[in-house]
Amino acid sequence: MRAIILLCCLAGSALSSEMTGYISDAPCGWNNARPRKEAKECAQKCVRAGWDPVFVPDGQMNAYKISDKSLVLPHVGDHVAVVGELKDDTLILKKIRPAPPKKAR
């Protein structure tokens, strides 16, 4: 019985992983997931206006809904590292921290 419980705990933790990307806004998604002042200001303006924040992983055009929006509000427009699990179109967020900025192209 203890072995089963241990395996379940290990399996649950294995599903979470750290990813880097940007916190953007739902209407613009990947278009504001870049290290430019204009992109950050646009994402912040849209989120303040009521649009949902989304997570856009580095190198992808997918935008994922976020399970706990209150955790990401201070990071809108920023490059971040998140720990969580992707389920369908939603990031089940556990932790978030600033990540080193990506170089602008």
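The values are calculated or read from the model by the stated rules, or taken from the named source; none is laboratory data. These numbers come from a predicted model, not from an experiment. Every residue, glycine as well, gets a Cβ built from its backbone with ideal geometry; the counts of neighbours run over all protein chains shown.
General observations
- Residue check for L93: out of contact with any Cys (no Cβ under 8 Å at 6 or more places or on another chain) and either of a type in the set (D, E) or surrounded by 15 or more Cβ atoms within 10 Å (Cβ to Cβ) (or both): yes
- Checked against (1) crowded, with 19+ Cβ neighbours inside 10 Å; (2) in contact with a helix residue (DSSP H, G or I) (Cβ under 6 Å, 6 or more places away or on another chain), Y64 passes all but a single condition, namely (2).
- Selection within the range 1-57 - charged (D, E, K, R) and modelled with pLDDT of 60 or more: E18, D25, R34, R36, K37, E38, K40, E41, K45, R48, D52
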